[in-house]
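Below is one structure, written out as structure tokens, with a few remarks after it.
The values are calculated or read from the model by the stated rules, or taken from the named source; none is laboratory data. Please read these numbers as outputs of a predicted model, since none were measured by experiment. Positions of Cβ are backbone-derived with ideal geometry, glycine not excepted, and every protein chain shown enters the neighbour counts. With ligands, DNA and RNA removed, areas are computed over all heavy atoms of the protein, side chains included. Shrake-Rupley method; radii C 1.70, N 1.55, O 1.52, S 1.80 Å.
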Amino acid sequence: MWHTSQGDRTLEGAEAELMQRLIESLLEDLLLQFDEEWQPDADWSCDTGVELFDNLHSEQQIALLHDVAHHLLEPTPEGMTLSAIAEATVAALFAELHHHVEMELDLSLDVNNVHWRQLIRDAAIECLVRDDLLGIDSPSDDVIQADEELSTEFRIPDLHSLDSFAWSDLIESLADQILWDRDFEMASLFLDEDPRRSATRREVMGIDANYFVQIPPDPRPSEMPSLVSATQALIRRKPR
């Protein structure tokens, strides 16, 4: 369970399927650092563009990815404590999605290469139905395209649309279904500031005192195989 902007919930259906595929993709990127043929002095890193996540060690990133996957996809008794590093991990997953869609659009001559756009559309349509923004149970593509009364949160492009801005906006709308805001992007400002001033600013902005100081997990090398296996098990389950 996760404390999302839409309430405490566990991801289901197409939204869960999208998140499973993103976790799988990011995990594969991170595991490149543990390949037996990997050269320690190679200039490689998993750069998602989310600074707070990218600055962590790969072991910490994988451990966070497991914790986030567990709470997003499983009905845990309690939601994961919202912290800058936890929400930055979710943001890193959606950054991965932006990257995949950009690659699909760059390869637009392959008209069948719509894997990620299909996952995005399916998740967005389910979110519309869940929030009762369509007033129908199973909207068709024709209904989606013709309905001009859709929530401003969701403007769903045609599956084969090459409008990168439309897809980017839709990805951000899906991210907003989970993330409350983007407070994690201000971590360096709060951590580098005078503690008293920082506390005052957090109070004014309604940010929990521990939000920026939550310590990331730091697993031992011997724990990594079980963490990876547990994460892979989560993303292989069929979404409810």
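Values computed for the structure shown
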{"item": "Qualifying positions in the stretch 146-199 - in a helix (DSSP H, G or I), modelled with pLDDT of 90 or more and open to solvent by 50 Å² or more (accessible area, probe 1.4 Å)", "result": "S164, F165, D169, E172, D176"}
{"item": "Residues of the stretch 58-101 that turn out to be among the hydroxyl-bearing types (S, T, Y) and not in a helix (DSSP H, G or I), as a count", "result": "3"}
{"item": "Qualifying residue in the stretch 7-22 (condition: out of contact with any Cys (no Cβ under 6 Å at 6 or more places or on another chain), modelled with pLDDT under 95, open to solvent by 20 Å² or more (accessible area, probe 1.4 Å) and among the polar types (S, T, N, Q))", "result": "no"}
{"item": "Residue tally, condition farther than 21 Å from P221 by Cβ, at pLDDT 50 or above and assigned to a loop (DSSP other than H, G, I, E, B), over the stretch 35-57", "result": "4"}
{"item": "Any hit, the stretch 108-119, residues being in contact with a helix residue (DSSP H, G or I) (Cβ under 7 Å, 6 or more places away or on another chain), within 24 Å of E51 (Cα to Cα), aliphatic (A, V, I, L, M) and at pLDDT 95 or above", "result": "no"}
{"item": "Residues satisfying the stated conditions in the stretch 51-80, i.e. in contact with a Ser or Thr (Cβ under 8 Å, 6 or more places away or on another chain) and among the hydrophobic types (A, V, I, L, M, F, W, C)", "result": "F53, I62, L64, L65, V68, A69, L72, L73"}
{"item": "Members of the stretch 68-103 that are closer than 20 Å to D208 by Cα and open to solvent by 40 Å² or more (accessible area, probe 1.4 Å)", "result": "E78, T81, L82"}
{"item": "Selection within the stretch 69-112 - free of Cβ contacts under 8 Å to residues at least 60 places away in the same chain, among the aliphatic types (A, V, I, L, M) and closer than 19 Å to I23 by Cα", "result": "A95, M103"}
